[in-house]
Structures are given as structure tokens and as C-alpha cells.
Amino acid sequence: MNTPLVTLSKRFAITRELTFRDAGDGFIVIDILNAHCSASIALQGAHLMRWQPKAEQPVIWMSPVAKLAQAKSIRGGVPVCWPWFGAHATESSFPGHGFARTVLWDVVNTKKLEDGSTSISFRIADGVKEQWPYHAPVEMEMIIGKTLEMELTTKNQGSETITVGDALHTYFCVGDVRNIEIRGLDGCEYIDKVGKEKRTKQDGVITVDAEVDRIYLDQGQDVVIEDPDMQRRICIEKRNSHSTIVWNPWIDKCKKMGDFGADDGYLDMVCVESANADEDLVQLAPCQAHSLWVRYSVEKQ
Ligand code: BG6
């Protein structure tokens with residue numbers, strides 16, 4: 001059931017810090033403004049669309065022509081991929097990256113924290129039963145401040161073991177993707193969704209000068225994006241994430257996708273996704289929970 005805007009505001013708004021608005025056709029967006037940053041989140045998908053620490057350029061990329069529409073995923077921000085990543089293992093008609101990014105989530109709680117950050121938590125009230133016939137709800141907690149923390153928790157409340165794939169499919173803003181270096185994946189094996197060699201080992205830092213679409217496996221370390229043009233580094237700390245996906249569509253795919261804005265709309269973004277995908281899927285026995293956690297921060301170079 002859709003909770004009306006007035007009810008959400010009455011129950012969860014925090015004066016001058018967290019507000020709800022209708023961005024058009026009932027598409028609800030939550031705006032946050034606190035001592036450390038500003039941010040916006042779509043209720044659909046619990047989809048963080050913007051996070052900008054004070055005195056800093058935006059950290060999260062959003063397509064200039066992103067559409068906010070019911071049941072459609074948003075190009076940019078932090079789409080939540082759940083309960084599977086990529087194509088469904090057996091059902092090709094099920095949506096890529098799962099249904100969590102296109103369904104409405106419930107707000108569970110909002111809170112002003114002592115250090116000036118804001119916390120907000122969500123859960124999926126009703127999953128798509130035909131696609132996920134399990135009693136396994138999912139929750140998202142965000143702590144939005146000088147750093148951005150996100151924790152995606154799956155609880156298996158059913159009586160059989162389930163398999164979960166998940167990802168925080170974060171689009172980061174960069175000055176020019178051709179000049180960045182991504183560190184932390186040296187020596188990791190990856191599945192290359194673009195190249196001819198299906199399995200490869202990373203040698204050194206990652207640079208981007210063509211389409212990149214890779215699933216780094218069995219990789220739990222933190223990752224850093226060095227961005228000389230913006231004179232900053234974005235640090236990605238993570239827990240319970242054994243895969244990292246690095247994605248940039250490059251020119252042809254960007255044109256084909258049509259929702260990146262200009263033809264060179266791929267140049268100021270890169271996706272570095274903290275995930276459990278492919279061989280790193282999570283098996284959850286009854287009564288077990290799994291929390292994928294990340295924290296993003298920005299440092300001057
Ligand atoms: C990445 C995948 O995670 O998401 C890519 O590895 C995919 O293959 C990209 O193209 C975007 O997916 P979508 O469904 O948001 O267009």
C-alpha cells in the first residue's frame with residue numbers, strides 16, 4: 001500500500017533536516033540537509049540519488065536526463081540490486097538486477113544523530129511473490145553525513161535455505177573517467193563481460209579507456225578511486241561483500257542506452273559496485289541474516 005505524503009511527513013519528517021516531496025505523479029523523494037551534507041533519496045527502490053558533503057563536489061553521479069517514473073529504474077545514484085544481481089539464474093523474464101530497485105519501500109525510522117548526521121531506514125513491505133516466494137524481508141539503513149553508510153540486510157525468516165545476490169550499484173562522479181585509477185583490486189580474478197578472455201587476473205590498478213564491465217570475485221578489500229581532475233579520492237570501505245563490479249559503458253553503449261544525456265555522458269561517471277554476485281552468492285540458512293555494508297568518504301589528494 002502506498003503511504004500518502006502527508007502521513008510520511010507526519011511520522012518521519014525532521015524539521016529543517018529531512019523532508020518529503022512529490023517529484024511528480026506521486027513519485028516521492030526525501031531530501032536531507034544537515035550539518036555535514038545534502039542528499040536525496042527516492043522512496044521507490046530506497047534509491048539514493050544524491051549525496052554531497054559540504055564544501056565538496058557531488059560524489060554520486062546522476063544522469064542529467066534521469067527519469068523518475070513508477071516501476072522504472074533510475075539511471076544513476078545507488079540502485080539496490082536484490083535479491084539477485086544481473087540476469088536471474090533461471091527465469092529470463094525476471095528483471096535484471098532484481099525487483100528491489102523498482103518497488104516501493106516502507107520508511108521504518110528516521111533519526112537525527114548526535115554527530116549531526118541523519119539516519120533513515122527502509123524495508124520492502126511486499127516483495128514480488130511470483131519472483132521471490134520466500135519469507136525473507138530486506139532492510140536498508142543509511143547514515144548520511146560527512147561519510148555515507150549503507151547497510152542492506154536480508155533476513156531468512158523461512159524454513160528453507162535461500163540464495164541471495166546483492167549489490168549497491170553505485171555511480172560515482174569523476175572528473176574524467178579516462179584519467180582515474182581504481183585501486184584495491186590488484187591480483188583479483190575477474191569475469192570479463194566485455195573481453196574475449198572470460199577469466200582474467202587484474203594486474204595493477206584499473207584504468208578505463210574502453211568499455212569496462214567486470215565482476216571481481218572473492219574480493220573483500222576496500223577500494224579507492226583516485227581522481228586527479230577533481231583532486232580527490234573516493235574511499236569505499238565494505239563488509240560482507242565478496243565481489244566488486246566495475247562498469248563504464250563507454251561510447252557505443254552509452255549512445256545505445258540513451259539515458260546518459262550527451263553522447264559523451266559516460267565520461268564523468270564510473271560504477272564501482274559492492275556486491276555478492278556470481279560465484280560469491282550468499283547462502284542463508286533459516287534464521288540467518290546477511291548484511292552488506294559500505295561506507296563512502298572523500299579525501300583531498
Ligand atoms: C552493471 C552490469 O552492474 O550494470 C552491466 O555489470 C550493466 O552489465 C549495468 O549493463 C547497468 O545495468 P542496468 O540494468 O541498470 O542497465
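Tabulated data
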read-out	value
Residue that is nearest to residue 293 (Cα to Cα), among those in region 150-188 that are within 16 Å of the ligand (Cβ to nearest atom) and not aliphatic (A, V, I, L, M)	166
Residues within region 130-152 that are under 27 Å from residue 35 (Cβ atoms) and of a type in the set (S, T, N, Q), tallied	1
Which listed residue, of 59, 29, 65, 6, is of a type in the set (Val, Ile, Thr), closer than 30 Å to residue 267 by Cβ and either free of Cβ contacts under 8 Å to residues at least 24 places away in the same chain or surrounded by fewer than 19 Cβ atoms within 10 Å (Cβ to Cβ) (or both)	65
Residue 205 at pLDDT 95 or above, among the aliphatic types (A, V, I, L, M) and either within 16 Å of the ligand (Cβ to nearest atom) or open to solvent by less than 20 Å² (accessible area, probe 1.4 Å) (or both)	no
All positions within region 108-141 that are surrounded by 22 or more Cβ atoms within 10 Å (Cβ to Cβ), closer than 21 Å to residue 5 by Cβ and either in contact with a His (Cβ under 8 Å, 6 or more places away or on another chain) or of a type in the set (A, V, I, L, M) (or both)	120, 124, 140
Long-range neighbours under 6 Å by Cβ, at least six apart or interchain, first residue farther than 17 Å from residue 105 by Cα and open to solvent by less than 10 Å² (accessible area, probe 1.4 Å) within region 73-95, second within 14 Å of the ligand (Cβ to nearest atom) and not in a loop (DSSP other than H, G, I, E, B)	76/62; 76/171
Test result for residue 127, in contact with a Gly (Cβ under 9 Å, 6 or more places away or on another chain) and of a type in the set (Gly, Ala, Ser)	no
In region 270-288, residue surrounded by the fewest Cβ atoms within 10 Å (Cβ to Cβ) [restricted to those that are within 11 Å of the ligand (Cβ to nearest atom) and not in a strand (DSSP E or B)]	278
Residue ranges of strands (runs of 3 or more DSSP E) in region 1-118 with at least 2 members more than 16 Å from the ligand (Cβ to nearest atom) and of a type in the set (Ser, Thr, Tyr)	37-42
Lone unmet requirement of (1) under 20 Å from the mean Cα position of the chain (by Cα); (2) open to solvent by 80 Å² or more (accessible area, probe 1.4 Å) for residue 184	(2)
Test: residue in region 192-204 that is touching an Asp or Glu at 6+ places or on another chain (Cβ under 8 Å) and among the acidic types (Asp, Glu)	yes
Among (1) under 20 Å from residue 172 (Cα atoms); (2) touching a Lys or Arg at 6+ places or on another chain (Cβ under 9 Å); (3) loosely packed, with under 15 Cβ neighbours inside 10 Å, the one test that residue 39 misses	(3)
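Quick grid of which residues meet (1) acidic (Asp, Glu); (2) part of a strand (DSSP E or B); (3) farther than 17 Å from residue 45 by Cα:
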site: 142; (1), (2), (3): no, yes, no
site: 154; (1), (2), (3): no, yes, no
site: 159; (1), (2), (3): no, no, yes
site: 163; (1), (2), (3): no, yes, yes
site: 182; (1), (2), (3): no, yes, yes
site: 185; (1), (2), (3): no, no, yes
site: 194; (1), (2), (3): no, no, yes
site: 197; (1), (2), (3): yes, no, yes
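The values are calculated or read from the model by the stated rules, or taken from the named source; none is laboratory data. Keep in mind that this is a model prediction, so the values were computed, not measured. Counting neighbours? That spans all protein chains shown, and the Cβs are built from the backbone with ideal geometry, glycine included. Heads up: the accessible areas ignore ligands, DNA and RNA and are worked out on the full protein's heavy atoms, side chains in. Shrake-Rupley method; radii C 1.70, N 1.55, O 1.52, S 1.80 Å.
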